[in-house]
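The structure appears right after this line, and notes come after that.
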Amino acid sequence: MSEMNDQSKLDQLEKFKVDHSNSKLTTAQGLRVSQTDDSLKAGQRGPTLMEDFHFREKLTHFDNERIPERVVHARGFGAHGYFQVYEPMGEFTKAGFLQNPSVKTPVFVRFSTVVGSKGSADTVRDVRGFATKFYTEEGNYDLVANNMPIFFIHDGIKFPDVVHAIKPEQHNEIPQASAAHDTFWDFMVNTPELTHMIMWLMSDRAIPRSFRMMEGFGVNTFRFVNAQGKARFVKLHWKPKLGVHSLVWDEAQKIAGKDPDYNRRDLWDAINVGDFPEFELGVQMIEEEQEFDFDFDILDATKFWPEEQVPVKLMGKMVLNRNVDNHFAETEQVAFHPGNVVPGIDFTNDPLLQGRLFSYIDTQLMRLGGPNFHEIPINRPITAVRTNMREGMHRMTVDKGRVSYSPNSLRGGDPQPATEAEGGYVHYMEKVDGRKIRQRSDSFMDFFGQATLFWNSMSPPERRHIIDAFHFELGNVLDMTTRQRLVDLFNNVDGELAREIALGIGVNPPHEPGGTGVTASSPAISQANTIKTPATRKVAIIADNGFNYFEIQQMIDRMKQAGVHIELISKYQGPIHAACGRQMQVNRNYQTASSVFFDAVYIPGGRASVDTLLTHGDAMHFVNEAFKHAKSVAASNEGVDLFEQSEILGVRLAPFDSSGQVIYEKGVVTIRNATDLGAFADEFLGAIAEHRHWIRLAEKDMVTA
Ligand code: HEM
């Protein structure tokens, strides 16, 4: 039985942690400090003295507290957890952490955006990073994934170009964390291999509701190798237990101003209240003999393997159950690298992967100040590290003895290389034979087929969002020629898509008939088909003095049972009083709350409360905005009066004469003349599980063809 468990990494980290409670302030040299508020001066109003070591130390440390932010994925947020395999995977891979269901392998995960600086907003339109470090008994394995299954480019050599194009423009450093500017779309129109990725980037996937509600994709094609040496091509995926859900663009933009930390706060809070995010690790496998059986090249990172063609086998589950103690020490200093593998996991000739294998360690040498960053506590494996490498900036290990080379006799040859049987990593012996050539394989050159497949797979509201996103992005491109060329380019994907894009950005619809002729779709990639649950959702209850206590209490009890979180919103914080005299504590006022922070809104009854809310523009705005963002809204008894005065249009609400009947239409749930809200609460929970009610969108706004 293994001695490693989910605590192993935390136990190791613990040795480096310091708690400064009940202590005296010292200098970095351990000297107690008698005063830290005034520098040492020659006289009260005199000059500061050079000999003031405390002053000098404080300032020099401060002056050097910044390290370079990541060149991409600068803004990120991390958490600890564990991974547990469901059943031994030995038939496919000898990776130790994928064999024993009783072992919990510690993990550290960092979620990120790609383009924005470290201080940029969370809810921008962007790819999300989803990097996981498994601290296995065979050393660290890193699955450095994104929340989209494909990538912009085929070949690592184009990575600097795509990043230069999408980052803020060179002359004025505008815009921050956004692709909506000329250089990106200029690059795009000249690099049609981006087409498929752009479809994903314009989709709802680019504005996730939560890190807890995103898939993760290793993107690149790796190999699994079993103990017999048999290899298979694989792609690895994370599947969130809460399903894949997104914000709407208007909401994302508002949140960027109201709470730029929205996604990180969501993760931090969820872990703090025990809503531990869970993701299942899945693998798609292709036998070596089937390498050429597909209408795409399986080494092309701009293509995904449709689940309907290559099923995802779920191998195990990851649970994130602990927040970090220190963001800088852990999240900022963690260093992932797709080249950190364990026996049983190997590489392929995917040219994007090959670029990545060089890039990560190279950038970390600079970002973390030298070659010893593997010694930073968060990066240390839980297995022993025995190399012949010494010295370099910030070396912490004190290696004993005079020998630092291999082979040696002076130390009996130690440390010795291990055989394969002893766990030594042996590279898969792929046969390679070719001429040196700077060229791309013809099999990579279908830029549009899977872009059409993606478009075909989207539900009508998802298509609407994609077109709206194009209108925003291309509407911000100043060069009209680029806009026109982009419309003509996307005509290769789908004619209607191109026409709809053209309509919003003031250029001509394409003259040529569009499309690729691909008619297939992949239902698995539409968010319409994702897991739906109310668990961990957030509901705002808006009320004022005179509210009906029993209504709120029933709703709170039922919501809590379903794992839904409630906040009470009113004009003022502090207690509000119910008609029966009891009181409740308001969590947020209209200034600190906003509908965009919640998944649903409920207005309880109580004559005086609702009459007051009817005079509050903020309460009405709250409801209208939630309705506009296609969220579930509910009202009971007098609360329905507020809906009647709102912009909830074309929806049947509970009439005054109904006898306690729940009315549900388009995610609007109402009831009048009712004291028992059981059925009403259940209907509301069902609506919350749906997350959005796109059916409210007018038919004319849908793109169905
Ligand atoms: C040739 C293509 C690519 C290159 C050259 C590249 C390069 C980089 C670099 C230099 C970093 C910063 C690392 C650091 O400072 O620690 C980074 C971060 C990252 N990359 Fe890539 N990348 C490429 C493609 C991809 C792909 C395809 C994915 C997704 C599968 C991906 C996912 C990530 C993630 C998640 C991070 C952030 C890691 C963290 O949280 O620290 N990258 N990449």
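Checking the stretch 52-74 against the condition returns no match, with no residue being within 16 Å of the ligand (Cβ to nearest atom), touching a strand residue (DSSP E or B) at 6+ places or on another chain (Cβ under 8 Å) and among the aromatic types (F, W, Y). Screening F92 against (1) surrounded by fewer than 21 Cβ atoms within 10 Å (Cβ to Cβ); (2) within 16 Å of the ligand (Cβ to nearest atom) leaves a single unmet condition, (2). Here A520 fulfils each of the conditions (1) closer than 21 Å to P208 by Cβ; (2) small (G, A, S); (3) surrounded by fewer than 17 Cβ atoms within 10 Å (Cβ to Cβ) apart from (1).
Residues of the stretch 289-325 that are more than 16 Å from the ligand (Cβ to nearest atom), among the basic types (K, R) and in contact with an Asp or Glu (Cβ under 9 Å, 6 or more places away or on another chain): K317 alone.
Residues in the stretch 577-603 that are surrounded by fewer than 22 Cβ atoms within 10 Å (Cβ to Cβ) and in a strand (DSSP E or B): H577, Q583, M584, Q585, V586, R588, N589. Kindly indicate whether any position in the stretch 241-257 is among the polar types (S, T, N, Q), closer than 30 Å to D346 by Cα and over 16 Å from the mean Cα position of the chain (by Cα). There is no residue in the stretch 241-257 that is among the polar types (S, T, N, Q), closer than 30 Å to D346 by Cα and over 16 Å from the mean Cα position of the chain (by Cα). Could you check the stretch 95-118 and list, in sequence order, the residues that are part of a loop (DSSP other than H, G, I, E, B) and within 16 Å of the ligand (Cβ to nearest atom)? If the condition is that a residue be part of a loop (DSSP other than H, G, I, E, B) and within 16 Å of the ligand (Cβ to nearest atom), then V114, V115, G116, S117, K118 are the ones that fit.
Might you check whether a residue that is at pLDDT 95 or above, buried (at least 21 other Cβ atoms within 10 Å of the Cβ) and part of a loop (DSSP other than H, G, I, E, B) occurs anywhere in the stretch 260-276? Scanning the stretch 260-276 turns up no residue that is at pLDDT 95 or above, buried (at least 21 other Cβ atoms within 10 Å of the Cβ) and part of a loop (DSSP other than H, G, I, E, B). No other residue among D682, D641, D657, D676 is at pLDDT 95 or above and in a loop (DSSP other than H, G, I, E, B) apart from D676. Within the stretch 122-147, the set of residues being away from the ligand (no atom under 11 Å from the Cβ), farther than 19 Å from W200 by Cα and touching a Phe, Trp or Tyr at 6+ places or on another chain (Cβ under 8 Å) comprises F134, Y135, T136, E137, E138, N140, Y141. Looking at the structure I just gave you, is G78 in contact with a His (Cβ under 9 Å, 6 or more places away or on another chain) and either more than 13 Å from the ligand (Cβ to nearest atom) or within 30 Å of D6 (Cα to Cα) (or both)? So G78 fits the description; yes. The lone criterion from (1) closer than 27 Å to E251 by Cα; (2) of a type outside the set (K, R); (3) more than 13 Å from the ligand (Cβ to nearest atom) left unmet by F187 is number (1). When I157, I153 are checked against the criterion of being within 9 Å of the ligand (Cβ to nearest atom), part of a loop (DSSP other than H, G, I, E, B) and surrounded by fewer than 23 Cβ atoms within 10 Å (Cβ to Cβ), I153 stands alone in meeting it.
Could we say that I542 is of a type in the set (A, V, I, L, M, F, W, C), farther than 21 Å from A674 by Cα, buried (at least 16 other Cβ atoms within 10 Å of the Cβ) and touching a residue at least 24 places away in the same chain (Cβ under 8 Å) here? No; evaluated as a whole, the condition is false for this residue. Filtered by the rule that a residue be crowded, with 23+ Cβ neighbours inside 10 Å and under 35 Å from the mean Cα position of the chain (by Cα), the stretch 649-667 gives a lone residue, G667. The residue that is surrounded by the fewest Cβ atoms within 10 Å (Cβ to Cβ), among those in the stretch 476-511 that are part of a loop (DSSP other than H, G, I, E, B) and charged (D, E, K, R), is D479.
Residue-wise test of (1) among the aromatic types (F, W, Y); (2) closer than 21 Å to E215 by Cα.
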position	(1), (2)
T60	no, no
A74	no, yes
Y82	yes, yes
M89	no, no
T105	no, yes
R110	no, yes
V127	no, yes
K133	no, yes
H154	no, no
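For beta carbons closer than 6 Å, sequence separation of 6+ or different chains, a first residue in the stretch 582-606 that is under 16 Å from D618 (Cα atoms) and a second that is in a loop (DSSP other than H, G, I, E, B) and among the hydroxyl-bearing types (S, T, Y), the qualifying pairs are N589/Y572. For the residues I378, I345, the requirement of being touching a strand residue (DSSP E or B) at 6+ places or on another chain (Cβ under 9 Å), in contact (Cβ under 8 Å) with a residue 12 or more places away in the chain and within 30 Å of Q228 (Cβ to Cβ) singles out I345. Just a yes or no: is a residue in the stretch 284-301 surrounded by 15 or more Cβ atoms within 10 Å (Cβ to Cβ), under 22 Å from D350 (Cβ atoms), touching a Gly at 6+ places or on another chain (Cβ under 7 Å) and in contact (Cβ under 8 Å) with a residue 12 or more places away in the chain? No: zero hits. The residues of the stretch 397-422 that are more than 46 Å from the chain's Cα centre (by Cα) and surrounded by 10 or more Cβ atoms within 10 Å (Cβ to Cβ), listed by number, are N408, L410, R411, G413. Of all residues in the stretch 604-645, those satisfying the criterion of being more than 34 Å from the chain's Cα centre (by Cα), buried (at least 20 other Cβ atoms within 10 Å of the Cβ) and hydroxyl-bearing (S, T, Y) are S609, S636. Consider the stretch 348-372. How many of its residues are more than 9 Å from the ligand (Cβ to nearest atom) and farther than 29 Å from R440 by Cα? The total comes to 5.
The values are calculated or read from the model by the stated rules, or taken from the named source; none is laboratory data. All values reported here derive from a predicted model rather than from experimental measurement. Cβ coordinates were reconstructed from backbone atoms using ideal geometry, including for glycine residues, and neighbour counts include every protein chain displayed.
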